[in-house]
1. With θ set to phi - 60°, apply the Karplus curve 6.51 cos²θ - 1.76 cosθ + 1.60 along region 104-118 and write out the HN-Hα couplings as whole Hz, x wherever there is a Gly or Pro.
2. Rounded if a/c is under 1.5, else prolate if a/b beats b/c, else oblate: with a ≥ b ≥ c from the C-alpha gyration tensor eigenvalues square-rooted, which is region 43-119?
3. Please list 3J(HN,Hα) in residue order for region 137-144, calculated via the Karplus relation 6.51 cos²θ - 1.76 cosθ + 1.60 where θ = phi - 60°; whole Hz, with x for glycine and proline.
4. Which residues' amide hydrogens lie under 5 Å from the amide hydrogen of residue 147, considering only partners 5 or more residues apart or on another chain, with H built in the peptide plane?
5. Could you list the residues of region 80-103 with an amide nitrogen less than 14 Å from a label point located 7 Å from the Cα of residue 156 in the Cα-to-C-beta direction?
6. Which residues' amide hydrogens lie under 5 Å from the amide hydrogen of residue 96, considering only partners 5 or more residues apart or on another chain, with H built in the peptide plane?
7. I want the local charge near residue 147. Using Cβ-Cβ distances under 9 Å, sum +1 for each Lys or Arg and -1 for each Asp or Glu among the other residues.
8. Taking θ = phi - 60°, what integer Hz values does the Karplus form 6.51 cos²θ - 1.76 cosθ + 1.60 yield along region 41-48, in sequence order, with x for Gly and Pro?
Amino acid sequence: MLRWMVAATTAALLAATPVTAQEAVVGAPERAALFHSPDPVIDARKQVVYNIYTKIFEENRYDLVDVYMTKRYIQHNPNIASGREAVKKLFRENRLPKMTIPVFAVVAEGDMVVVASAMVLPRPGGKPGETYTTTHFDMWRFVGNQVDEHWDEARLGPMSIGIVEQPAK
């Protein structure tokens, strides 16, 4: 009987305790270094993705879309249309806040470059201003030296850039 009471009390306490046992996801201190490779082709592709992050996303330079993306640019995010013109329209109509995307890993092989970055989101059910971190993945496929296709973990519905406004570094 005592064993059952201890088990029931422990279960009740655990059920009532909010789950917060996660390590914060943070960007690399020298993120630019992640976008290099000794292989010249891989290095060039990583630099294209780096420029998409820094120039297009962080500096709102959607005028550079033609430089880094193919005309047919295939978008697998269900909230964004395919094609360079659709990307330019998206950024013209939805300017991003000044920010620095906290990248912590870049992996490249063949015609693919994958970037992992920290997302800082409002904590559901939390107090105003309370946030948590998680991971965002972007995968880019190249044709030549331009991005031709993109995947991420987005779901259909309202989009969030996943970064609570923070000043650019």
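Values in this text are rule-based calculations from the coordinates and carry no lab data. On a predicted model such as this, the values are computed, not experimentally measured, just so you know. Note that we place each Cβ from the backbone using ideal geometry, even for glycine, and neighbour counts take in every protein chain shown.
1. Couplings: 10, 7, 9, 10, 9, 7, x, 9, 10, 10, 10, 10, 10, 9, 7 Hz.
2. Because a/c hits 1.5 or more and a/b fails to exceed b/c, region 43-119 counts as oblate.
3. Values per residue, Gly and Pro as x: 10, 10, 10, 10, 10, 9, 10, x Hz.
4. Result for residue 147 returns 69, 70.
5. 80
6. For residue 96, whose amide H was placed from the backbone, there are no distant partners under 5 Å.
7. Working: positive: 45, 141; negative: 148, 149.
Neighbour charge sum, excluding residue 147 itself: 0.
8. Rounded to whole hertz, the list is 5, 4, 4, 4, 5, 4, 5, 4.
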